[in-house]
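No lab work stands behind these numbers, since they all come straight from the coordinates. As the structure is a computational prediction, the values presented were derived from the model and not from experiment. Glycine gets a Cβ as well: all are built from the backbone with ideal geometry, and neighbour counts include every protein chain shown.
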Amino acid sequence: MSRWYDYVQRVLREHGISAAAAARQAGLAGAGIHNWKNGTRPYAALAVRFARGMGENVLEALVECELITEDEAARPPEKRKRSTVKWFGEPWPSDESRAPVCEDDADRVDPPPAGEQCVLCGELFPPDAQGITLPHLSADLKTDIRYAHIECIVQNVGA
Ligand SMILES: [Zn+2]
């Protein structure tokens, strides 16, 4: 007996059908379920087919088959971590080969408004400037956005 076979037995009992009928319903070879009795565990694809055919939860089946853990079955799909760093201008060093910070167009923001100065060098941004935004906590505790040239960031980090 195996955990998988215990699970299969439980499902068959709950559905009140025989192994042969379940195999037919799930589109499995009749011998499949019989082999499980000997402790053989199915490949993931067969475990899923069995569960799906029986209208059971496929994640639960994979757990009972000991292919994944309970934790993995319960874990919600990971949300993509959104970067807090935004970037503007043309991607660098080029559109084809981008630095990690400007890889994602979803993080691209409008270039700084006219008159905005680089927070690092204090110079005004030309219209074709490239750089990133830095959240800045101002004296009144409101977060506003500051802009920095990518060249200044690179220099700053390198210094
Ligand atoms: Zn600068």
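Brief remarks follow.
- Single residue of the stretch 112-159 satisfying the filter (of a type in the set (S, T, N, Q) and more than 32 Å from the chain's Cα centre (by Cα)) that is farthest from the ligand (Cβ to nearest atom): Ser138
- Restricting the stretch 84-111 to residues that are free of Cβ contacts under 8 Å to residues at least 24 places away in the same chain and acidic (Asp, Glu), the residue that is farthest from the ligand (Cβ to nearest atom): Glu96
- Selection count where residues are surrounded by fewer than 14 Cβ atoms within 10 Å (Cβ to Cβ) and part of a loop (DSSP other than H, G, I, E, B), scope the stretch 120-129: 6
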